[in-house]
Each structure stands twice: as structure tokens, then as C-alpha cells.
Amino acid sequence: MWRRVASLSHILSPSKSSALHQGICRRTVWEAFTTDIMHPAIGGVASEEKNPLITFVLGGPGSGKGTQCAKIVETFGYKHLSAGDLLRKEISSNSENGAMILDTIKEGKIVPSEMTVKLIQKEIESSDNHKFLIDGFPRCEENRIAFEQIIGMEPNIVLFFDCPEDEMVKRVLSRNEGRVDDNIDTIKKRLKVFAALNLPVIKHYTEKGKVYKINGVGTADEIFKQVHPIFTELFVK
Ligand code: UP5
Ligand code: MG
């Protein structure tokens, strides 16, 4: 069973929604969406209003973030923004930063925060959807702070797929999609970076009561059974 680290009441309470506003520091994505006033509905956040709902989806390499995001999109109509996919798109579009991004990914390191946040921001601002899954980001405290400053809000919730390293390595090595970082040397580096830099982000949001820790072992369908109630309980579909 998924272990709910967060209690729902603090997310749905008006005091929490006003806390979201406190993060605004300039014209932000939040402002772009808040032509309506936020009224958390009983039993969920009302979806008729165009308030952005941000879910960060975190977990180590191969923990199943992308796989579970696809299921959430299918079931709950979220917009999936994979930070890794956005960066890989930059590489393949030969953008001026492409070569640097490629080198960074090959080394399992983290691309400069502002670059990734800008890519995410562009996607959020151009989307008709207001429910976003931000997959594989923030990967470090600096990423987190940059997002909160540039976008001007915190996530509503954070999903953390907790998976043993040997299972993650096995999955990534058998993916076979030609990713430059799916080799044993880079995977070892990615795992180290995850433990050193991403776990502190998860700790930060756990302390804020926003993290849902999900057992990432089992079939994709079994894992989704843990994910499903989080969204049915939180948001009106
Ligand atoms: N699979 C999935 N679920 C399974 C299950 N339950 N049982 C058996 N197999 C399962 O899954 C991985 C593989 O396992 C797939 O083949 C899948 O079919 C199978 P997936 O859902 O893709 O896992 P995911 O957690 O998404 O793994 P991924 O490798 O994408 O995670 P990473 O976080 O390592 O990759 P990402 O693309 O996010 O980042 C890549 C690199 O980009 C980073 O290392 C970094 O260098 C850079 N980056 C940044 O610098 N900044 C960012 O903000 C983001 C990325
Ligand atoms: Mg992925």
C-alpha cells in the first residue's frame, strides 16, 4: 500500500492555498492562471477553475516515473512534462546549449537550473491544460529554489517512487531505447547524484507534508494501484 506521508487536510485548507501566493516574486506562471479565485472544494480542488496544479514526480533512474506519468495522463488528463525529455529535445533540435546538455547527461550530472526551469515554464505557459506532472525535476535544492523563484509557486504534491538500486539498474539496462545515459558507468553516476542531491529535495517536501512515498517494486499496474487513490482523493477529475 502507498504510504501517505502527507495529510490531505493541509493541502486542501484555505490557509495552505494562501501560502501558495506568498511565493510570488514577479509576474509568474501562477499569476497567468489566477484570473479566477482559488476555492478548494470539499473533497478536492475544483478543476473548473484554471489554477495550475503542480505535481513533482521524483525517484531514482528507472524507478518508473515516466511509466506511471503515462498512466496518470491517461486516467486523469494531466499534462506530462518530463524534464529529461525536454532536455533531450534541446539536444536533438541542435539548440545553442545542446552540446553542453548532452555532455552533462552523459556524465549523469545536472543541467543548470535556469535552463531547465525555462523549458518547463515555456511548456506550462503554452499549455491549455492546468494540471501538470513535472517528471524528474527538481533534482537538487538549487533546482527547487530556481523553480519556486521563477515560476512563483510550490508543487501541490510530490510523488516519490521508492525503488531499490538493483531493480532500477536492471530496468534501465534493459530499456534499450538508445539513451546515451543508459549504460552501467553513467547509471552508477546517476544513482550517486540522486542519493546526494535529489533525496534532500524529497526530505524538504516531506517536512512540508507534501510527499507521497510509493513502493516502486511490482508490475506497473500494481504500482498504479497505489498512485490512483492519491489523485482521486485530491482532485476532481
Ligand atoms: N519499467 C517501468 N516500470 C516498471 C515496472 N514496474 N516493472 C518493470 N519494468 C518497469 O522506466 C524505466 C524502464 O523500466 C522502462 O523500460 C520501463 O518500461 C521499465 P521509466 O518509467 O522510464 O523510469 P524513469 O524513472 O522515468 O527512468 P529515467 O531513466 O527516465 O529516469 P531519470 O531520472 O534517470 O531520467 P531523466 O530523463 O529524468 O533524466 C536524464 C538526465 O537528464 C539526468 O541524469 C540529468 O543528467 C538530466 N536532467 C537534468 O539535468 N535536469 C533535470 O531536471 C532532468 C534531467
Ligand atoms: Mg523518465
Fill in: Rounded if a/c under 1.5, otherwise prolate or oblate - region 144-237, Cα gyration tensor axes
oblate
Worksheet item: Whole-Hz Karplus ³J(HN,Hα) for region 101-113, in order, using 6.51 cos²θ - 1.76 cosθ + 1.60 and θ = phi - 60°, x for Gly and Pro?
Response: 5, 4, 4, 5, 5, 4, 8, x, 8, 9, 5, x, 3
Discussion item. Quick check: pseudo-label points 7 Å beyond the Cα along Cα→Cβ at Glu233 and His130, how many nm apart are they?
Written reply: 2.4
Worksheet item: Modelled label-to-label distance, Arg179 and Gln149, 7 Å Cα→beta-carbon offset: nm?
Response: 2.9
Discussion item. Excluding same-chain pairs closer than 8 in sequence, count the lysine pairs in region 89-151 whose Cα atoms lie under 16 Å apart.
Written reply: 4
Discussion item. Going by amide H atoms built from the backbone, whose H comes under 5 Å of the H on His80, apart from near neighbours?
Written reply: Leu133
Practice prompt. Sticking with the crude label model, points 7 Å out along Cα→Cβ, report the distance from Asn215 to Glu74 in nm, one decimal please.
Written response: 2.3
Discussion item. Run the numbers for Glu114 and Asp166: contour at 0.36 nm per residue of separation, minus the present Cα-Cα distance, in nm.
Written reply: 15.5 nm
Item to complete: Summarise the accessible area of region 193-237 (1.4 Å probe, protein heavy atoms) by the percent that is carbon and sulfur.
Response: 62
Worksheet item: Which value, in Å², gives the accessible area per residue of region 103-237 when a 1.4 Å probe is used on the protein heavy atoms?
Response: 47
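The values are calculated or read from the model by the stated rules, or taken from the named source; none is laboratory data. What you are looking at is a predicted structure, and each value in this text was computed from that prediction instead of being measured. Neighbour counts are summed over all protein chains in view; Cβ atoms, including those assigned to glycine, are modelled from backbone coordinates with ideal geometry. Just so you know, the surface numbers come from the protein's heavy atoms only, side chains and all, with ligands and any DNA or RNA stripped out. Shrake-Rupley method; radii C 1.70, N 1.55, O 1.52, S 1.80 Å.
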